[in-house]
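S.K.: Once you've had a glance at the structure underneath, I'll fire off some questions.
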Amino acid sequence: AKQDGRGVFRFFEPALDAAARKRRMLELDLREAIQGGQFRLNFQPIFDLKRDRIGGFEALLRWEHPTRGNVPPIEFISVAEETGLIIAIGDWVMQEACRQATAWPDHVRIAVNVSPLQFRNSGFPNVIFQALSHSGLAPNRLEIEITESVFLDGETTVVTLLHKLRAMGIRIALDDFGTGYSSLSYLRSFPFDKIKIDKSFVNAVAEDKSAAAIVRAIVDLATALHMETTAEGVEDRDQLSELRGQGCSSIQGYLFSRPIEGELVEAMIGSAMSA
Ligand code: C2E
Ligand code: CA
Ligand code: CA
Ligand code: CA
C-alpha cells in the first residue's frame, strides 16, 4: 500500500486500477461499436388492454460485439453516459427506431428511451426533428420515455422542452415510475401522456398486498390526471388479471412477448394475439 499526502494508506488502488482499465476498454469498444454497426434494436410489444391489441413497441438497444458477444444494456449504458457516448448512441437509436416504425400500421407507436444526458443536450430537439423528417413518421406515433432523473438539476428548462416536444405532437412517458425519490412532484410539473409502472411493483402485484395497493394508487392517480399507464415486466397471468382489474391501460412483459427482432414486428402485429 502507498501512503498519500494526508497519511492515509490506499490499499484499494490496484483493484481500482483494474476496474478503471476494464471501463476504459469498454469505452474504446463502445466507440468502435457505433462506427462498426454493432448496434441494433429489438422491439417489445406494449399490449393495449382497452383496445385489445398491440398499441406500440418499445425500442431496446442491443450490442453484439465481435468477441464480447451480446453485451446487455445494463453493462454499457452507464459507461456510455459517463463518457458522453450516449449522445451519439441515442441519436442512432432515435433515427433507427423512427425509420423502422414507418413500416408498421398507423395505430402502432414506437417508444424510445432517452437518457437524461441526451435529453439535456442542446442538439436533442434537432435530433428528433431530423429523425421524424427523414423517416416521415407522424410525430404522434413517437413516444419518448424519460425517467425522473432528467429533472435532477433544474426543472424549468426540462419542462419547457417537454412542452415544445408535446407541441410537435410527440408523446411523453415517465419511465420506471415509483423507483425515484419524489415522483409525485414531477406529476405536477408536466402532464405526461403515460406513466410506466416499474416492474419491481408489478412483479409482486399478485402476491403482495402492499405492492397491489401501490399499483392501485398509481393507476388511480394516473387516471385522475388523464394519463395512461403501462405495467412493465408482466410475467404471469395472475399479474395480468390483477392489473386488468385495477384499470391499467396496457401491459408489457415476457407474458405477452420478449423483445423481438425488427423483422418479426409486422408478423406479430398481424397475428393479433389477445392477452
Ligand atoms: P427499461 O427502459 O425499463 O426497459 C425495460 C427492460 O425490462 C428491458 O431490459 C426489457 O427487456 C426488460 N423486460 C421486459 N419485460 C420483462 C419481463 O417480463 N421481465 C423482466 N425481468 N424483464 C423484462 P433491457 O432491454 O435489458 O434494457 C435495460 C435498460 O437499459 C432499459 O430499462 C433502459 O433503461 C436501458 N436501455 C435500453 N435501450 C436503451 C436505449 O436505446 N437508450 C437508453 N438511453 N437506454 C436504453
Ligand atoms: Ca423504458
Ligand atoms: Ca422501465
Ligand atoms: Ca429500468
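The values are calculated or read from the model by the stated rules, or taken from the named source; none is laboratory data. Keep in mind that this is a model prediction, so the values were computed, not measured. A quick note on method: Cβ atoms are made from the backbone with ideal geometry, for glycine too, and the neighbour counts reach across all protein chains shown.
S.K.: Working only within the range 232-254, note down all residues that are near ligand 1 (Cβ under 10 Å from one of its atoms) and hydrophobic (A, V, I, L, M, F, W, C).
M.R.: Residues satisfying the conditions are Val234, Ile251.
S.K.: Does Arg23 fit the bill of being away from ligand 3 (no atom under 16 Å from the Cβ) and either in contact (Cβ under 8 Å) with a residue 60 or more places away in the chain or outside any helix (DSSP H, G or I) (or both)?
M.R.: no
S.K.: Grab the strands (runs of 3 or more DSSP E) fully contained in the range 64-181, keeping just those with 1 or more residues being more than 10 Å from ligand 1 (Cβ to nearest atom) and either surrounded by fewer than 17 Cβ atoms within 10 Å (Cβ to Cβ) or of a type in the set (Lys, Arg) (or both).
M.R.: 69-71, 109-113, 171-177
S.K.: In this structure, is Val202 within 16 Å of ligand 4 (Cβ to nearest atom), within 21 Å of the chain's Cα centre (by Cα), modelled with pLDDT of 95 or more and in a helix (DSSP H, G or I)? Walk me through it before giving the result.
M.R.: Details: within 16 Å of ligand 4 (Cβ to nearest atom): yes; within 21 Å of the chain's Cα centre (by Cα): yes; modelled with pLDDT of 95 or more: yes; in a helix (DSSP H, G or I): yes.
Against the criterion (within 16 Å of ligand 4 (Cβ to nearest atom), within 21 Å of the chain's Cα centre (by Cα), modelled with pLDDT of 95 or more and in a helix (DSSP H, G or I)), Val202 qualifies.
S.K.: Moving on. Is it true that Gly262 is surrounded by 13 or more Cβ atoms within 10 Å (Cβ to Cβ), within 16 Å of ligand 4 (Cβ to nearest atom) and not β-branched (Val, Ile, Thr)?
M.R.: No.
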